[in-house]
Amino acid sequence: MRVVIAEDAVMLREGLIRLLADEDIETVATAGDGPGLVAIVEEHRPDLAIVDVRMPPSFTDEGLRAALEARRRVPGTPILVFSQYVEERYATDLIGDGADGVGYLLKERVADVAEFTAAVRRVADGGTVIDPEVIGQLLGRRRRGDRLEALTPREREVLGLMAEGLSNAAIARRLYVTDGAVEKHISNIFLKLDLQHTDSTHRRVKAVLAYLGQSQ
């Protein structure tokens, strides 16, 4: 696997390079700002871009905006962004841009090496990894009267786990319920949200993320 890293903090960047190397993941280029990220994605066409949300000059959302631009210029580039905070506006834009190969983690997750490397591989393979806190904040922004209001508390919980990319079996284990119960909850969610069936293998995650990305 070939990755590029956009991170302005040199020590963290070097730490990520070593961590990934231990997992036989090659870092082919690095950048310390948004324009640099776009340039190395265009040049190297990596299997994954790992991007810090907050980079120079304003240290607000340059990384997320650059990730969106990189994905626009090289469509389909898997993007895994991480931050200390949830930047809701551009997080919604990134997630709504398409569920294939998208990840958004809070930096505390990077401290768990196994969890982080699993997320790297999942996103590079075209999967989705969304931090539970990100999901919680995005759901919390939905206004009253939204279709989410029709969901039961358990269905909301299942929706959040679906958006994290968990399988039915993994959701069942997390909630200590049967696979059949999870399938019923998911069917109800799609019915209440009026989400149409497709043949995509990532249909559930795509539909949930597309719905979350429709508006703020």
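The values are calculated or read from the model by the stated rules, or taken from the named source; none is laboratory data. None of the values given here were measured: they were computed from a predicted structure. Ideal geometry is used to build each Cβ from the backbone, glycine not excepted, and the neighbour counts take in all protein chains shown. Surface accessibility is based on the protein's heavy atoms, side chains included, excluding ligands, DNA and RNA. Shrake-Rupley method; radii C 1.70, N 1.55, O 1.52, S 1.80 Å.
On the given criteria, is residue 137 open to solvent by 20 Å² or more (accessible area, probe 1.4 Å), touching an Asp or Glu at 6+ places or on another chain (Cβ under 8 Å) and modelled with pLDDT under 75?
Yes.
Among all residues of the stretch 54-68, there is at least one that is among the small types (Gly, Ala, Ser), on the phi < 0 side of the Ramachandran plot, open to solvent by 50 Å² or more (accessible area, probe 1.4 Å) and part of a loop (DSSP other than H, G, I, E, B). If you filter the stretch 148-167 down to residues that are acidic (Asp, Glu) and over 12 Å from the mean Cα position of the chain (by Cα), you find that the one that is surrounded by the fewest Cβ atoms within 10 Å (Cβ to Cβ) is 149.
Is it the case that residue 29 is under 26 Å from residue 111 (Cβ atoms), over 20 Å from the mean Cα position of the chain (by Cα) and open to solvent by less than 20 Å² (accessible area, probe 1.4 Å)? So residue 29 fits the description; yes.
Sub-9 Å Cβ pairs linking a first residue in the stretch 24-40 that is in contact (Cβ under 8 Å) with a residue 60 or more places away in the chain to a second residue that is assigned to a strand (DSSP E or B) and among the basic types (Lys, Arg), at least 6 apart or interchain, are 25/2, ordered by first then second residue. Kindly indicate whether residue 145 is open to solvent by 10 Å² or more (accessible area, probe 1.4 Å) and at pLDDT below 80. Considered against the rule, which asks whether it is open to solvent by 10 Å² or more (accessible area, probe 1.4 Å) and at pLDDT below 80, residue 145 comes out as yes.
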